[in-house]
Amino acid sequence: MAQETMTVHLKVWRQAGPEESGSFQNYTAENVNPHMSFLEMLDVVNEDLIHKGEEPIEFDSDCREGICGTCGFVINGQAHGEERGTTVCQLHMRSFSDGDTIVIEPWRAKAFPVIKDLVVDRRAFDRIIAAGGYVSVGTGPKPDANSIKVGKDVSDQAFDSAACIGCGACVAACPNASASLFTGAKITQLAMLPQGHPERTRRVREMVHQMQEEGFGNCSNIGECEAVCPKEISLSNIAKMKREYLRAMFSDS
Amino acid sequence: MLPLKRALSSPIGRKFVMSISGIALVLFVIVHLLGNLTLYIPDGGESFNRYAAGFEALGPMLYVMELGLLAVILLHAFWGISTWLRNRRARPERYAKSIATKGGGSNLNIASRNMAITGSFLFFFLIIHVWHFRVRKETVGEKTTVNGQEATDLYALVVGSFENPAWVFFYTLSMVVLAFHLRHGFWSALQSLGAMKPRWSKQIYAFGLIFAILLALGFLGMPIYLFLAAA
Ligand code: HEM
Ligand code: FES
């Protein structure tokens, strides 16, 4: 059986460097296999560009199986494209139609400056984690594996929050460029577990402060972050972060 | 320790302020509506004037209450606008293709996206509204008797205004704007406080819509009712 192929028209944000001004460039991808992932389609476009002696389109990716959080850009106004619960590396060309025009832009946020084309600097997330998203571990003899009991329901909830891969889609889709879903998930994950308790108060205080310092916006409870999250992290993580913050406001430590 | 100043200017603390001041305004608006429902009683304004005279009887306490309300409105409005400005600065470079919702539980809609615009309109409305009835009550209000005592005929002032279709239109429009502000605001205030469980949020969001519609209908019915009654 002959393989059906498709043609799509791309409008891609091209920007040579952080200080350069960018613009949209048009490309046409022909003979696209509908079972290619979006990134594979871009790989083919890039090979073409390289053959022609042009600069390939720069984008981030690593695992290409939707678990590392490296890839991501905005497709037609939607972070990671229109399919829910997925990253662009797991988005397939079959979700588009032959002849579609596709607009591709990098994550837009003051805290995520563009490095090149579709690649943005997400180290602001790392600095939020460094501010408090850790637990202190004692050195010395190995503790007994099950010495701290954690209920199944609690460990499941903590795991749901821990599923965040830090891709930045929540920031990209938020009309306020807020990092509340990311920060909320990291705070919730550790606040649920006994291992996170010694730093509990300091953690929320410092991580929220860092989030502000990085220039992210303020959450206005719109919830688009939850809709674009490839790991479907719930908005209740943000509610939990608010309760943790309230607790820290009234805490002595 | 978390210093109060730092807490309240943090992304979370500033929304606590918005939320608590917003809830205070919602409570005020509910009481305001319940009192004004007396306008619907077809008794030539007796009940409404009696209700209004009750406020005059408060004497200086009325000024204290009014100043308190003014403070809450100013706090809410300035905090809201300052938060909105920060949010705009968080995305200096806009998307060429504006954000389209991916659906699910997202509340990305005209109500949620335009809180600062509907809020600013409400601020403008409040200035006009306070001048229109509160100030003019003192300057051009006629006198009448309520329970044998002299009182301002606020009813005549209200009815007289709403014979003018321009006022009817302005008030109706303003109440539609209020409905949009509260459609998102009601739920948002609770979520900002963290007073939300995933189990409830759907119902609270739905309740916010019903609440916003009922409140707006209750208010915008008044000018329309009085206009039709006079015609
Ligand atoms: C005086 C003019 C007003 C302005 C400028 C204003 C502005 C705002 C803004 C910018 C927000 C933040 C929205 C967000 O971050 O998503 C907000 C939230 C809110 N407003 Fe207003 N508003 C005004 C009047 C009112 C009135 C009259 C009420 C009540 C009847 C009200 C109730 C609320 C509520 C309940 C919220 C939600 C609080 C939250 O998100 O935590 N506002 N307002
Ligand atoms: S490349 Fe790892 S999630 Fe897409």
Notebook entry, point to check: So what are the ³J(HN,Hα) numbers for segment A:210-219, from phi and the Karplus equation (6.51, -1.76, 1.60; θ = phi - 60°), rounded to whole Hz, Gly and Pro as x?
Noted result: 5, 4, 5, 4, 6, x, 6, x, 9, 5
Item checked: At 0.692 mPa s and 37 °C, Stokes D of segment A:167-233 from Kirkwood alpha-carbon radius, µm² per second -> 265 µm²/s
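Count neighbours as other Cβ atoms within 10 Å of each site's Cβ, and list the trypsin sites (Lys or Arg not before Pro) in segment B:54-99 that are DSSP loop with at most 12 such neighbours.
Working: sites: B:R86, B:R88, B:R89, B:R94, B:K97; in loops: B:R94, B:K97.
In loop regions of segment B:54-99 (DSSP not H, G, I, E or B), the sparsely surrounded trypsin sites (Lys or Arg not before Pro) are B:R94.
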Notebook entry, point to check: So who's got an amide H within less than 5 Å of the one on A:V120, skipping anything under 5 residues away but keeping other chains? H placed 1.01 Å off N, in plane.
Noted result: A:I115
Item checked: Dimensions (Å) - the protein assembly as shown, Cα atoms, principal axes, largest first -> 93, 62, 43
Next item on the list: Hey, for a label at A:Q25 modelled as a point 7 Å past Cα toward Cβ, could you say which residues of segment A:50-87 have their backbone N under 14 Å away?
Entry: A:50-59
Note to self: If packing is taken as the average count of other Cβ atoms within 10 Å, what order do B:41-51, A:84-94 fall into, highest mean first?
What the structure shows: A:84-94, B:41-51
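Using Cα-Cα distances under 8 Å and only pairs 6 or more residues apart, what relative contact order does segment A:172-224 have, in percent? Please report the intermediate quantities before stating the final value.
On the way: 32 pairs, mean separation 33.1, N = 53.
Reported as a whole number, the value is 62 percent.
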Notebook entry, point to check: Of the residues A:S147, A:S180, A:S136, which exhibits the maximal mean-square fluctuation in a Gaussian network model of chain A defined by a 10 Å Cα contact cut-off?
Noted result: A:S147
Next item on the list: Using a Gaussian network model of chain A whose springs link C-alpha atoms within less than 10 Å, name the residue from A:G53, A:G215, A:G22 with the highest mean-square fluctuation.
Entry: A:G53
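Taking the alpha carbon gyration tensor of chain A, what are the square roots of 5 times its eigenvalues, largest first, to the nearest whole Å?
Value: 38, 20, 16 Å, ordered largest first.
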Check: Amide H to amide H, which residues 5 or more places from A:L193 or on other chains are under 5 Å from it, using H placed in the peptide plane?
Finding: none
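Which longest run of chain A has no exposed loop site in it, a site being chymotrypsin sites (Phe, Trp or Tyr not before Pro) in a DSSP loop with at most 14 other beta carbons within 10 Å, and the site itself not part of the run? Don't skip to the end; give the middle numbers.
Numbers: sites that count: A:Y134, A:F250.
It works out to A:1-133.
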Next item on the list: Using only alpha carbon positions, build the gyration tensor of segment A:6-105, then give the equivalent ellipsoid semi-axes as the square roots of 5 times its eigenvalues, largest first, whole angstrom.
Entry: 20, 17, 13
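For Cα pairs less than 8 Å apart in space and 6+ apart in sequence, what is the mean separation divided by the residue count of chain B, i.e. the relative contact order in percent? Write down the numbers at each step before the final one.
Working: 180 pairs, mean separation 61.7, N = 231.
The value is 27 percent.
May I ask for the percentage of alpha-carbon pairs in chain B that lie more than 22 Å from each other?
Numbers: 15798 of 26565 pairs.
Distances greater than 22 Å cover 59 percent of the Cα pairs.
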Next item on the list: List the trypsin sites (Lys or Arg not before Pro) within segment A:116-161 that fall in a DSSP loop (any state other than H, G, I, E or B) and whose Cβ has at most 10 other Cβ atoms within 10 Å.
Entry: A:K149
Notebook entry, point to check: Can you give the angle from 0 to 90° between the axis of helix A:38-51 and the longest principal axis of chain A, with both taken from C-alpha atoms, to the nearest 10?
Noted result: 50 degrees
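For a quick check of your reading of the filter: which trypsin sites (Lys or Arg not before Pro) in segment B:136-167 sit in a DSSP loop and have no more than 11 other Cβ atoms within 10 Å?
Values: sites: B:R136, B:K137, B:K143; in loops: none.
For trypsin sites (Lys or Arg not before Pro) across segment B:136-167 that sit outside H, G, I, E and B with at most 11 neighbouring Cβ atoms in 10 Å, the list is empty.
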Margin query: Give the average, rounded to an integer, of partner chain Cβ atoms located within 10 angstrom of each Cβ in B:3-15.
Written below: 6
Item checked: For A:R14, distant residues with modelled amide H under 5 Å away -> A:S23, A:F24, A:Q25
Next item on the list: Find the centroid of the Cα atoms in segment B:96-127 and in segment A:113-154, then give the distance between the two in whole Å.
Entry: 34 Å
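Enter the mean number of other protein chain beta carbons within 10 Å of the beta carbon of each residue in A:73-81, as an integer.
Working: counts 0, 5, 2, 2, 8, 6, 2, 1, 1.
Per residue, the average neighbour count from other chains is 3.
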Next item on the list: Could you tell me how many degrees, from 0 to 90 and to the nearest 10, lie between the Cα long axis of helix A:180-192 and the main elongation axis, the longest principal axis, of the Cα atoms of chain A?
Entry: 40 degrees
Note to self: Distance between the C-alpha centers of segment B:12-75 and segment B:195-231? Whole Å please.
What the structure shows: 17 Å
Checklist line | Over 28 Å between alpha carbons, listed pairs A:K149/B:K5; B:K15/B:K202; A:K110/A:K152; A:K152/B:K102; A:K116/B:K97; A:K52/B:K102 | finding: A:K149/B:K5; A:K110/A:K152; A:K152/B:K102; A:K52/B:K102
Margin query: Relative contact order of chain A, please, whole-number percent, based on alpha carbon pairs below 8 angstrom and at least 6 residues apart.
Written below: 19 percent
Check: If you wrap a convex hull around the Cα atoms of segment B:126-191, how much volume per residue is inside, in Å³?
Finding: 118 Å³
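Calculate for chain A the 222 nm mean residue ellipticity that helices alone would give, adding -39,500 (n - 2.57) per DSSP H run of length 4 or more and normalising by residue count, nearest 500 deg cm²/dmol.
Numbers: 8 runs with 86 residues, N = 253.
For chain A, the value works out to -10000 deg cm²/dmol.
When Cβ neighbours within 10 Å are restricted to other protein chains, what is their mean count per residue of peptide A:241-253? Write down the numbers at each step before the final one.
Values: counts 3, 12, 5, 2, 9, 7, 1, 4, 11, 2, 2, 1, 2.
Neighbouring Cβ atoms belonging to other protein chains average 5 per residue here.
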Next item on the list: Can you work out the PRE-style zone for B:L70? Point 7 Å along Cα to Cβ, and I want the residues of segment B:25-43 with backbone N under 20 Å.
Entry: B:25-26, B:28-29, B:32
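Read-outs: derived from the displayed coordinates by stated rules, not from any lab. As the structure is a computational prediction, the values presented were derived from the model and not from experiment. In this analysis, Cβ positions are derived from the backbone assuming ideal geometry, glycine residues included, and neighbour counts consider all displayed protein chains.
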